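A quick write-up on the structure given underneath.
The values are calculated or read from the model by the stated rules, or taken from the named source; none is laboratory data. Quick caveat, the model's predicted, so the values are computed rather than measured. No Cβ is skipped: glycine too gets one built from the backbone with ideal geometry, and neighbour counts run over all protein chains shown.
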Amino acid sequence: EDNVKSRTPSTPIYSYDARGEGDEADRWSDSDILGSRASFRTDETPAMLVINAVKEIDGGLYKCRVDFRRSPTTNTRVNLSVIVPPERLSVVDEHGVHIQNYILGPYNEGASLDIACIATGGRPTTRVTWWQENALLDDSWETISNRRVRNVLRIAKLERHHLHAIFTCQASNNILVPPISSSVTVDLNLSPLWVRLVGENKPLSAGAFYEFKCEVVGARPSPHITWWKDSLLLPNSTQTTSSDGNRTVSTLIFSPLVSDHESVLTCKTASTYDGNELPPADSWTLNVRHIPIVSILMLRSPNISTVEEGSSVSMKCVIDANPPVYKVVWKHNDKLISVNGSDGFVFDNQILLINNCSRSHSGFYSCIASNQEGDGLSDKLRLDVKFAPVCRPGQKTTVLAARHESAEIVCEVEANPADVSFTWRLDRDSSDSLDERVEFSVEDTRSTAVITPHSVADYGTFTCSATNQLGRQKVPCLFHLIPAGKPDMLSNCTILNQTLDGLEISCQEGFDGGLEQLFVMEVYDSASHQLIVNSTSSWPYFVLDPIPVAYSQGLDLHLFASNSKGRSNSSMLHVFTFDTAEKRIAAVTLKLTPLLGVLFGVVAALIIALFAVALAIYLRSRESPLPPPATTLTQTKKIVNKSESFENDHMSIPCRNEYDATTAKDIVEHLTLTVSQVKKEQHCILGKPQVSPDQEWSRSSLSRWRASSQATVSTQL
């Protein structure tokens, strides 16, 4: 019989009676202690008591007593030590808070780490250790209460390599079973490896748009990048992060102003540190170039609004420019001022000096400064030079008027200030002013005198003087009132060109009578004297196109000038049309009759006789030459009206002849023509040669004159 760990020394907890055979042996187990977990195995030597599902309460001193039939009883004692592994592990932070999801942090890079691993339960006392992968980090543990053991892992400074590091806590109190463990992962906020502005800090142009990039590498989590101009936060930036989260780039679109020159542009990452630490950043000092900013400053000059003629004025061109200017010019009324000083201007660096100001210096001044960015223009500064009155240039100084006809004389002056008074007088008068024959009116700087001359004494030179606060006009304005009349007659009227379709006529105008004149051409039928064409021109140049061709006697052209006082005497031209001339030379068919035959015979005999006489004369002329027979041409004159006449500028001369002359005067007064063949009423159009009486006239020049002239010429036997 076995007695195992009895409740009392005399009460067994398990018994086995071997007096039965095999399976019939009697077995008993105390249900309160071992129950069905215990069994006795006799098939092994020695026999043993087997306890399944050992519990902590199963530990202790077991005594086995065996009673034999014929032998003495034996007692054996066995001490059973039951090892209880630790029940659980818990990992808490430095505040004793359980770590969620077994992830520590995130901690800032450089921070310290304190985490505790607590093992609960276990017998004998549990040993708690910290590991990183296969490396033992800490094996110092302490018992904090009954059956509770703690190990605190301390890391003084977390570094970049601790990111995602796995720390494992193990608890074990024997070598029979594997230790229990719990692992945590460290999460870190990492400062950037670098923050830098990408590219090169180059000069910028004010008003242009530029793209700036800021690169942040190695920061965790992805940083928020901000841009600053000095202490001003700049908007309009975007950022992107690489797929691995290691590189973040921020892009800023920025247009610098002139005032941004030498400002500091900075890109920063959001601070993950204590207030005592500055966030990583990179900065550039901006070099902003701009077109010169220009203004004009008056220097040691009189009041700009009270500058008088004769005073001196100086003004300075004030320039703010980056880069420096390479050229400075001045403008007066939008025209460049010459640097040679011929207009009274003197340059001294950026200063314009005007010595002895005159009214011509009045106007608007501007300064232009140029650098590599462009040209800067100042606002216009108005210089108002005060001066005594002077006559306004370009006035009408000659006025024509008939007797008893009113005429206006307008006297206009330039003056500053423009508040002026006027004084009029007639030069031949000794009095300072005119009498009641003249009416005056004044409007601003203009005075108008209305004069009605009644006699010769009322004509003459009038003077007009004005006065303002700077004094009286030094040189008065002069106006001449003269009698008005009809214009002079046109002269040198020449047909420049005649074709089948038309002709052109040019004349030389005379005095216009003091009034605006017009020029008139009237074309009449030579036979009926009927007016055919009336043409008016502003110039003494006429075009007849087309030429009327239905007038067999030709056309008479009357050319004259006209103004409001009347018309001049007429210059006259007579022309034949080509159609008429062609009819005059048309072929005539003759019918031969007996009478005509007799006449031709007589004519032939006469010709032979004449030939013989001519031959005899020729032979005698060789011995004593005689002057050749000649025909003298004189100019044809026409009377234009009852009171006056003029010499026509055209001549009637034969066609197709050569002339020998030395001067134009010889041609006009003594032109001699040798006639070799003449037809009745043969006509040609010639014009007067435009040469002086003393100018030589060569044969070739005369030929050109004949070819281009258009005057009517006739020669008769």
Evaluate the range 313-325: report whether one residue or more is farther than 29 Å from Ala206 by Cβ and outside the structural domain of Arg446 (by TED's automatic domain parsing).
-> yes
Would you point out the residue of the range 191-229, among those that are of a type in the set (A, V, I, L, M) and under 13 Å from Pro256 (Cβ atoms), that is surrounded by the fewest Cβ atoms within 10 Å (Cβ to Cβ)?
-> Ala208
Complete set of residues in the range 48-65 that are at positive phi and part of a strand (DSSP E or B) | Gly60
Identify, please: which residue in the range 131-157 is of a type in the set (Lys, Arg) and in a loop (DSSP other than H, G, I, E, B) and is, among those, farthest from the chain's Cα centre (by Cα)?
-> Arg147
Output the residue which, of all residues in the range 510-548 that are part of a loop (DSSP other than H, G, I, E, B) and aromatic (Phe, Trp, Tyr), is modelled with the lowest pLDDT.
-> Phe511
Of all residues in the range 485-527 being among the aliphatic types (A, V, I, L, M), touching a residue at least 60 places away in the same chain (Cβ under 8 Å) and over 16 Å from Tyr541 (Cα atoms), which is surrounded by the most Cβ atoms within 10 Å (Cβ to Cβ)?
-> Leu515
Would you point out which residue out of Val346, Val339, Val307, Val313 is without any contact (Cβ under 8 Å) to a residue 12 or more places away in the chain and more than 32 Å from the chain's Cα centre (by Cα)?
-> Val346
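Out of all the residues in the range 385-401, which are surrounded by 13 or more Cβ atoms within 10 Å (Cβ to Cβ) and either assigned to a loop (DSSP other than H, G, I, E, B) or of a type in the set (Asp, Glu) (or both)?
Arg392, Gln395, Thr397, Ala401
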Kindly list, by first and then second residue, each pair from a residue in the range 282-296 that is aromatic (Phe, Trp, Tyr) to a residue that is crowded, with 18+ Cβ neighbours inside 10 Å, limited to pairs with Cβ atoms under 6 Å and residues at least 6 apart or on different chains.
-> Trp284/Leu197; Trp284/Leu265
What number of residues within the range 217-245 are more than 13 Å from Thr266 (Cα to Cα) and among the aliphatic types (A, V, I, L, M)?
-> 2
From the residues in the range 447-477 that are exposed (fewer than 15 other Cβ atoms within 10 Å of the Cβ) and either closer than 24 Å to Glu405 by Cβ or free of Cβ contacts under 8 Å to residues at least 12 places away in the same chain (or both), which one is nearest to the chain's Cα centre (by Cα)?
-> Val450
Taking Thr45 as the residue in question, decide whether it is more than 14 Å from Ile13 (Cβ to Cβ) and assigned to a strand (DSSP E or B).
-> no
Residue by residue through the range 297-319, note down the ones that are in a strand (DSSP E or B), surrounded by 15 or more Cβ atoms within 10 Å (Cβ to Cβ) and of a type outside the set (A, V, I, L, M, F, W, C).
-> Ser314, Lys316
Looking at Tyr365, is it touching a Phe, Trp or Tyr at 6+ places or on another chain (Cβ under 7 Å), among the hydroxyl-bearing types (Ser, Thr, Tyr) and not assigned by TED's automatic domain parsing to the domain that holds Pro393?
-> yes
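Could you grab me the full set of residues in the range 527-553 that are small (Gly, Ala, Ser) and either more than 20 Å from Leu490 (Cβ to Cβ) or in contact with a helix residue (DSSP H, G or I) (Cβ under 8 Å, 6 or more places away or on another chain) (or both)?
Ala527, Ser528, Ala550, Ser552
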Restricting attention to the range 549-594, and to residues there that are in a loop (DSSP other than H, G, I, E, B) and modelled with pLDDT of 90 or more, which single residue is nearest to the chain's Cα centre (by Cα)?
-> Ser568
Just wondering, is there one or more residues in the range 408-418 that are touching a strand residue (DSSP E or B) at 6+ places or on another chain (Cβ under 9 Å), part of a strand (DSSP E or B), surrounded by fewer than 14 Cβ atoms within 10 Å (Cβ to Cβ) and not charged (D, E, K, R)?
-> no
Hits in the range 483-514 - residues which are of a type in the set (D, E, K, R) and over 55 Å from the mean Cα position of the chain (by Cα) | Lys486, Asp488, Asp501
Considering only the range 230-263, how many residues are surrounded by 15 or more Cβ atoms within 10 Å (Cβ to Cβ), free of Cβ contacts under 8 Å to residues at least 40 places away in the same chain and assigned to a strand (DSSP E or B)?
-> 7
For Pro280: the one exception among (1) closer than 30 Å to Glu373 by Cα; (2) assigned by TED's automatic domain parsing to the domain that holds Gly199; (3) surrounded by 15 or more Cβ atoms within 10 Å (Cβ to Cβ) | (1)
From the list Val184, Val177, which one is part of a loop (DSSP other than H, G, I, E, B), assigned by TED's automatic domain parsing to the domain that holds Pro124 and more than 43 Å from the chain's Cα centre (by Cα)?
-> Val177
Go through the range 454-469 and give me each residue that's touching a Lys or Arg at 6+ places or on another chain (Cβ under 8 Å) and at pLDDT below 90.
-> His454, Ser455, Ala457, Asp458, Gly460
Any residue in the range 142-160 that is without any contact (Cβ under 8 Å) to a residue 12 or more places away in the chain and either surrounded by 13 or more Cβ atoms within 10 Å (Cβ to Cβ) or among the aliphatic types (A, V, I, L, M) (or both)?
-> no
